[in-house]
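Quick notes on the structure that follows.
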């Protein structure tokens with residue numbers, strides 16, 4: 001493969017045409033998430049960038065000296081390389097648009113914009129930033145259509161909230177609009193937030209409403225099982241409480257019966273003692289009468 005174009009001036013048509021051919025091959029065969037390692041003198045195969053950024057770097061800075069991918073160009077020109085190129089081109093054609101974030105994380109882009117503007121960046125605004133070129137134009141016509149649809153849907157939600165005089169969180173509106181335009185979130189990912197951001201961490205307890213239908217059905221089943229277990233637990237607790245109440249009632253009834261029995265026994269004993277005392281008094285009264293009678297008979301009569 002002729003690589004002589006790399007030695008031409010970077011402002012020449014030959015060099016620019018060679019860069020375009022190189023980028024076609026590189027992105028068709030070696031791109032990851034629409035990015036390649038930039039082979040310019042500044043990035044030296046360390047930083048990942050999208051096609052537009054790599055093109056700009058190669059025009060401004062040129063290729064790094066001793067660029068190792070020159071040998072890869074020979075592979076891409078072989079039958080095997082051309083086959084892989086066709087597969088890569090077909091795969092790229094399925095993609096509606098890429099982004100302009102380059103090697104920066106989405107969180108870093110949002111943070112830089114927040115520092116510059118002094119205001120927080122929502123998901124819809126971040127989508128606009130990542131799909132807009134430096135001149136302010138959308139990166140593709142498809143991206144422009146999506147951006148317009150997002151803005152229209154957001155305006156509809158805000159108008160509805162204003163009509164009903166309800167206070168709606170801006171982030172909630174963005175989440176609803178993105179879910180409506182793009183569909184449910186992919187499992188374990190949050191669209192437009194980059195890697196390592198999970199729905200549970202981002203949405204919190206409301207994450208289920210943005211998940212795919214299968215995930216929502218799983219969550220519904222989990223909630224049903226939790227509810228069933230809670231009901232069974234509540235029923236078991238109620239049963240135990242009823243058994244404890246019954247035992248307490250039986251214990252109190254037994255104690256009351258014993259107290260009543262004691263009182264009855266005490267009353268019977270008291271009545272028996274009272275009767276015995278009355279009998280003794282009666283006997284004592286009889287004895288006193290007999291003694292008095294005997295004394296009256298034994299005493300001498302008057303002369």
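Taking the Cα centroid of the range 175-200 and of the range 103-145, what is the distance between the two, rounded to the nearest whole Å?
17
I'd like the FRET efficiency for residue 56 and residue 161, computed as 1/(1 + (r/R0)^6) with the beta carbon distance as r and R0 of 41 Å, rounded to 0.05.
The computed FRET efficiency comes out at 0.45.
Report Rg/Rh for the range 106-211, rounded to two decimals, where Rg is the Cα radius of gyration and Rh the Kirkwood radius.
0.96
FYI, it's all coordinate maths here, none of it is from the lab. What you see is a predicted model; the values in this text were computed from it and never measured. Positions of Cβ are generated from backbone atoms using ideal geometry, with glycine treated the same way; all protein chains shown enter the neighbour counts.
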